[in-house]
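Q: Pasting a structure here, questions to come.
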Amino acid sequence: MPIITPDYYDISGLLTEEERLLRDTVRAFVDEEILPIIEHHYREGTAPLELNKRFGDLGIFGATIPEEYGGGGMNSMCYGLINMEMERGDSAVRSTVSVQSSLVMYPIWQYATEELKRHWLPRLASGDAVGCFGLTEPDFGSNPSGMITNARETDSGYVLNGAKMWITNGTLADIAVVWAKLDGVVRGFMVEKGTPGFTAPEMKGKHSLRASVTSELVFQDCEIPKTHIMPGVQGLRGPLSCLNQARYGISWGAIGAAIACFESSVKYATTRIQFDKPIGGFQLVQEKLVWMLNEITKAQLLCWRLAHLKDSGNVRPQQISLAKRNNVWMALECARLAREIHGANGILDEYPVMRHAANLESVKTYEGTHDIHTLILGQDITDLAAFN
Ligand code: TGC
Ligand code: FAD
């Protein structure tokens, strides 16, 4: 029997029964509710919003947030497994999970006032509310410290001015976590949908992550109450601490996309006949499948260990950078190899590989580009910064 879903080093055997059960539940959910509709959404360039409440019912949003705030109270392994299974469906649905859980619920839980935590976290966990995270600006992507979006304090609150770009779910969001400078220091602010002076137009024309909404956030004398600053953090380490959570999830997610490409490739290679035999019987095709299995297995082991480091409280951001950098690169290479194995059929949406390949181009760029993670690791090795 061919290997279809790779678990070559029995990572399943390293999971607890609860972790396995969760993985299998999310896997079945993706098979039954995401795979049948995702190509349609991708083709139309629409987000599967109907899934948000289902994610909430399944406890997928805010998996690691404490239960008293409506979260799942789960460990990092569970959060990783959720991301992996989701991205086996599509990077866009994993993006929705990443943004809601790591980039919206996490900073609210860590840094917002108790009142706003109690108000927003249960709504975000249930999928009744959607959030977004605004860090990137048109002129400041890899270098967010240069951001020009700013806040001015008034008697009643703060006035925001500036613009964010490339913001996942911005147009849909009921609550935006926005990073802006107050007296030259980066601070976190919570801006509710409909606040006068705040608009979030959708960006169009993407060839990648087409089943996800990406937006600008525009602030023109946008006044928010005093309570809506996040008192718990100051400086760039606020948004970067959230990115640690999301980059960790993406490291797992990328494995899911790679597995989808591997599964499709094995099925195709064992059934497509050329020169009177299945193409999987040719050495050059086998070499591609072996490369994929090899790299997926290494990525799985990396993430398994990373989850334990994270839950022990000993993980360093650079270790997360290594996993994000490696696993997304590995998944994109798998998608490209899968496209080759599928021949011309590889460009059709009857197979998932081109969609994953196009999505992974974004995943390689967001949450810190591949090269920015190279520089983070280069600095860690040499103690010399090469950013500028
Ligand atoms: P630097 O001087 O190194 O650090 C500034 C302060 O931050 C602290 N710090 C961190 N804290 C927590 N976690 C980390 N990973 C941290 N890295 C640094 C640092 O200790 C310092 O703290 P303090 O208290 O001393 O002030 O900062 P820098 O300006 O030199 O920047 C470093 C650099 C380039 C690595 C950083 O800016 C970076 O990572 N750039 C990439 C930007 C990025 O990843 N943007 C992502 C936007 S969000 C997104 O893409 C969402 S996609 C959503 C989806 O899934 O759909
Ligand atoms: P730039 O920073 O302009 O980089 C361009 C190129 O130059 C890259 O190859 C980069 O590696 C390279 N480069 C830059 N600096 C250096 C250097 N010092 N040394 C060597 N090479 C360098 N952001 C959010 O805040 N919230 C979101 O929800 C969000 N969602 C996104 C969704 C999608 C679909 C996409 C594509 C992006 C999203 N982003 C989001 C933005 C994302 O984080 C940025 O695109 C990313 O950080 C890179 O910034 P940039 O695109 O401006 O590229």
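What follows draws every value from the coordinates through simple rules; no lab data is involved. Treat the numbers as computed from the prediction; the structure is a model and nothing was measured. All Cβ positions, even for glycine, are placed from backbone atoms using ideal geometry, and neighbour counts span all protein chains on display.
Q: When the Karplus curve 6.51 cos²θ - 1.76 cosθ + 1.60 is applied with θ = phi - 60°, which whole-Hz ³J(HN,Hα) does each residue of segment 374-382 get, with x for Gly and Pro?
A: 4, 5, 4, 6, x, 5, 5, 6, 9
Q: Let me ask another. If you plug each phi of segment 268-278 into the Karplus form 6.51 cos²θ - 1.76 cosθ + 1.60 with θ = phi - 60°, what whole-Hz ³J(HN,Hα) values come out, in order, with x for Gly and Pro?
A: Once θ is set to phi - 60°, the couplings for segment 268-278 become 5, 5, 8, 10, 6, 9, 9, 6, 6, 8, x Hz.
Q: Arranged from highest to lowest average of other beta-carbon atoms within 10 Å per residue, in what order do the peptides 67-75, 17-25 appear?
A: Those peptides, ordered most packed to least, come out 67-75, 17-25.
Q: To check you understand DSSP bridge types, tell me what percent of the beta bridges within the chain (both residues inside) are antiparallel, rounded to 5.
A: 80 percent
Q: Under a straight-distance cross-link criterion of Cα-Cα below 17 Å, which aspartates and glutamates are reachable from LYS226, leaving out those fewer than 8 residues away in the same chain?
A: GLU114, GLU115, GLU153, ASP155, ASP183, GLU192
Q: Let me ask something additional. State whether segment 11-126 is rounded, prolate or oblate according to the following rule on the C-alpha gyration tensor (a ≥ b ≥ c being the square roots of its eigenvalues): a/c under 1.5 gives rounded; otherwise a/b larger than b/c gives prolate, and the remaining case gives oblate.
A: Since a/c reaches 1.5 but b/c is at least a/b, the shape of segment 11-126 is classed as oblate.
Q: Got a sec to turn the phi values of segment 46-59 into Karplus ³J(HN,Hα) couplings, 6.51 cos²θ - 1.76 cosθ + 1.60 with θ = phi - 60°, whole Hz, x for Gly and Pro?
A: Couplings: 10, 8, x, 5, 4, 7, 4, 5, 5, 4, x, 4, 7, x Hz.
Q: Which aspartates and glutamates have a Cα less than 19 Å from the Cα of LYS277, not counting those fewer than 8 places away in the same chain?
A: The reachable aspartates and glutamates, counting only those whose Cα sits under 19 Å from LYS277, are GLU287, GLU340.
Q: If the reach is capped at under 24 angstrom between alpha carbons, list the lysines near LYS364, excluding any in the same chain fewer than eight residues apart.
A: Straight-distance partners of LYS364: LYS164, LYS204, LYS206, LYS288, LYS298, LYS310, LYS324.
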